[in-house]
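What follows is one structure encoded as structure tokens, with my remarks underneath.
The values are calculated or read from the model by the stated rules, or taken from the named source; none is laboratory data. In this text the structure is predicted, and so the values were computed from the model without any measurement. With ligands, DNA and RNA removed, areas are computed over all heavy atoms of the protein, side chains included. Shrake-Rupley method; radii C 1.70, N 1.55, O 1.52, S 1.80 Å.
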Amino acid sequence: MSFKRGQGILIAPNVPHSYHNKNISSCNSLPWKTEFATFTGTMAAAFREMFDEKEYRLIDENKGIEVSEAINKAVEDFKERSSDTQMLSLDCYGIMLLLSDQSNHTHDSDDQSYVRFIKPVIDAIEESYMDDISAKELADGVFVSQQYLSRVFTEFMNCSVYEYLTNYRINKAKELLLINRRRKVQDIASDVGYSDASHFIVMFKKLTGMTPAQFRKLHI
């Protein structure tokens, strides 16, 4: 397969692979470089769950840029503060969350239904997850009924709009719980779009198997 600038691939453990520049024999070939991260140890098991028996996951251009920046930050932090294991763990966890956000994207990015309905909704969620948004408002934003959007979204993303929004919010909450360790759980709930801290805790435990406080303590 071919990749455009900024795109990437997440490869499952123990899958043989190689890559090369298709234009390497051309005198006009532009220089290119790759950036990569390898995850082993206790994090390897978490990555296996992302693949759903597939050998790889493709990363789109927008997410690829974010992942590249996160990898570069982790490298610089390691060079400058290699003894700060907590900060380095946060860097690795941040990369994992970025890749996890992408793990269920099994779409063809050239599909007109994806371009017209799905991508705008995903973009809206990523930009406004901290606001009081609903599946109906997201459907209104792409000028279709909530029922129609739900059907098309599930077809592409293997989850409902509400489930995607909830997962995105909880993943962001995980980041904030680790980065802002002194910030109260109820404030983090508000940061990711939950006006009711109790509801946030219930949803967090439903998706992670633990409360926000337990999650934070686990990663001290």
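Given N residues in the stretch 157-210, what is its alpha carbon radius of gyration divided by 2.2 N^0.38 Å?
1.09
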Next item on the list: Rounded to whole Hz and in sequence order, give me ³J(HN,Hα) for the stretch 198-212 from the Karplus expression 6.51 cos²θ - 1.76 cosθ + 1.60, θ = phi - 60°, writing x for Gly and Pro.
Entry: 5, 5, 4, 5, 4, 5, 4, 5, 4, 8, 10, x, 8, 7, x
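When the solvent-accessible surface of protein heavy atoms is calculated with a 1.4 angstrom probe, in what order do SER134, SER82 fall, highest first?
Ranked from most to least accessible, the order is SER82, SER134.
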Notebook entry, point to check: So what are the ³J(HN,Hα) numbers for the stretch 64-75, from phi and the Karplus equation (6.51, -1.76, 1.60; θ = phi - 60°), rounded to whole Hz, Gly and Pro as x?
Noted result: x, 5, 4, 5, 4, 5, 5, 5, 4, 5, 4, 5
Check: Which number comes out as Rg/Rh for the stretch 129-220 once both Rg and the Kirkwood Rh are worked out on C-alpha atoms?
Finding: 1.04
